[in-house]
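A short write-up of the structure that comes next.
The values are calculated or read from the model by the stated rules, or taken from the named source; none is laboratory data. Computed from a prediction, not measured in an experiment: that's the story for all the values here. Glycine also receives a Cβ, built like all others from the backbone with ideal geometry; neighbour counts cover every protein chain displayed.
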Amino acid sequence: ILNVEQSPQSLHVQEGDSTNFTCSFPSSNFYALHWYRWETAKSPEALFVMTLNGDEKKKGRISATLNTKEGYSYLYIKGSQPEDSATYLCASYTGRRALTFGSGTRLQVQP
Amino acid sequence: DSGVTQTPKHLITATGQRVTLRCSPRSGDLSVYWYQQSLDQGLQFLIQYYNGEERAKGNILERFSAQQFPDLHSELNLSSLELGDSALYFCASSVEAGGPYVEQYFGPGTRLTVT
């Protein structure tokens with residue numbers, strides 16, 4: 001993996017469904033993995049910063065795991081609500097002192 | 001509201017023109033980052049300033065330049081504009097100089113349309 005890749009590109013779920021999506025990143029020279037939540041017409045907002053292999057972070061119904069050896073992170077949303085509708089971005093911190101972002105997963109939760 | 005402000009919200013201009021985008025970081029933040037979000041692309045890092053000095057540089061075109069002023073606000077100057085420069089330009093800020101664990105706080109963005 002040379003770049004940060006996210007899948008799926010978009011996702012439609014029903015209210016109450018649990019869902020998850022993937023961020024893949026270069027595993028060599030890994031420093032940290034950031035997750036952001038970006039609602040339409042608003043600013044991207046930081047969710048998690050993850051650094052250690054096996055790390056698991058949780059904020060309410062949203063949680064994330066990290067596997068630095070194989071270069072992936074999962075974001076889980078339990079019992080999705082319409083207000084969870086947003087684009088979820090992940091970004092890997094590179095040795096070039098910058099965040100490299102994926103293209104995002106756009107989640108739409110239908111009431 | 002992240003506390004980061006950007007002006008203008010929208011900008012429409014013609015090819016060949018020059019524009020300036022402005023960003024005011026959160027109170028107390030010393031770092032400012034600029035990103036470009038084009039259609040179907042992820043946020044692309046352009047450049048970072050820390051306390052007035054350039055700290056990191058990404059894929060910023062030579063036609064683009066930025067600076068951070070003593071009051072810590074920053075401006076991104078885009079010149080000889082092309083259709084492909086149409087994008088959403090975000091500014092973000094942080095207290096620290098940067099680093100793997102530093103959270104960045106994003107502004108609402110400036111949508112630039114080049115016609």
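Tabulated data for the structure shown
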item: Meets criteria (aromatic (F, W, Y) and farther than 26 Å from B:R26 by Cβ) for A:F30; result: yes
item: Residue check, A:E45 farther than 17 Å from A:N3 by Cβ, within 14 Å of chain B (Cβ to nearest Cβ) and surrounded by fewer than 21 Cβ atoms within 10 Å (Cβ to Cβ); result: yes
item: Wholly within the range A:1-106, strands (runs of 3 or more DSSP E) carrying at least 2 residues that are polar (S, T, N, Q); result: A:5-7, A:10-14, A:19-24, A:62-67, A:86-94
item: Test: residue in the range A:9-28 that is buried (at least 18 other Cβ atoms within 10 Å of the Cβ), touching a strand residue (DSSP E or B) at 6+ places or on another chain (Cβ under 7 Å) and facing chain B (nearest Cβ under 9 Å); result: no
item: Check on A:Y72, within 15 Å of A:L33 (Cα to Cα), within 13 Å of chain B (Cβ to nearest Cβ) and in contact with a strand residue (DSSP E or B) (Cβ under 8 Å, 6 or more places away or on another chain); result: no
item: Among (1) surrounded by 13 or more Cβ atoms within 10 Å (Cβ to Cβ); (2) more than 9 Å from every other protein chain (Cβ to nearest Cβ) - the single one B:R55 does not satisfy; result: (2)
item: In the range A:53-69, the residues that are buried (at least 16 other Cβ atoms within 10 Å of the Cβ), within 14 Å of A:Y88 (Cβ to Cβ) and not β-branched (V, I, T); result: A:K57, A:S63, A:A64
item: Residues of the range B:67-91 satisfying the condition of being surrounded by 19 or more Cβ atoms within 10 Å (Cβ to Cβ), farther than 24 Å from A:G102 by Cβ and within 10 Å of the chain's Cα centre (by Cα); result: B:S74
item: Residue within the range A:80-89 that is within 14 Å of another protein chain (Cβ to nearest Cβ) and touching a residue at least 60 places away in the same chain (Cβ under 8 Å) present; result: yes
item: Among residues of the range B:30-43, those that are within 24 Å of A:S24 (Cα to Cα) and either at pLDDT 95 or above or surrounded by 19 or more Cβ atoms within 10 Å (Cβ to Cβ) (or both), counted; result: 7
item: Residue selected from the range B:84-112 under the condition hydrophobic (A, V, I, L, M, F, W, C) and in a loop (DSSP other than H, G, I, E, B), by the criterion farthest from the other protein chains (Cβ to nearest Cβ); result: B:V95
item: Residues of the range A:10-56 satisfying the condition of being without any contact (Cβ under 8 Å) to a residue 12 or more places away in the chain and of a type outside the set (G, A, S); result: A:K42, A:E45, A:D55, A:E56
item: Some residue of the range B:9-18 being part of a strand (DSSP E or B), at pLDDT 95 or above and within 11 Å of the chain's Cα centre (by Cα); result: no
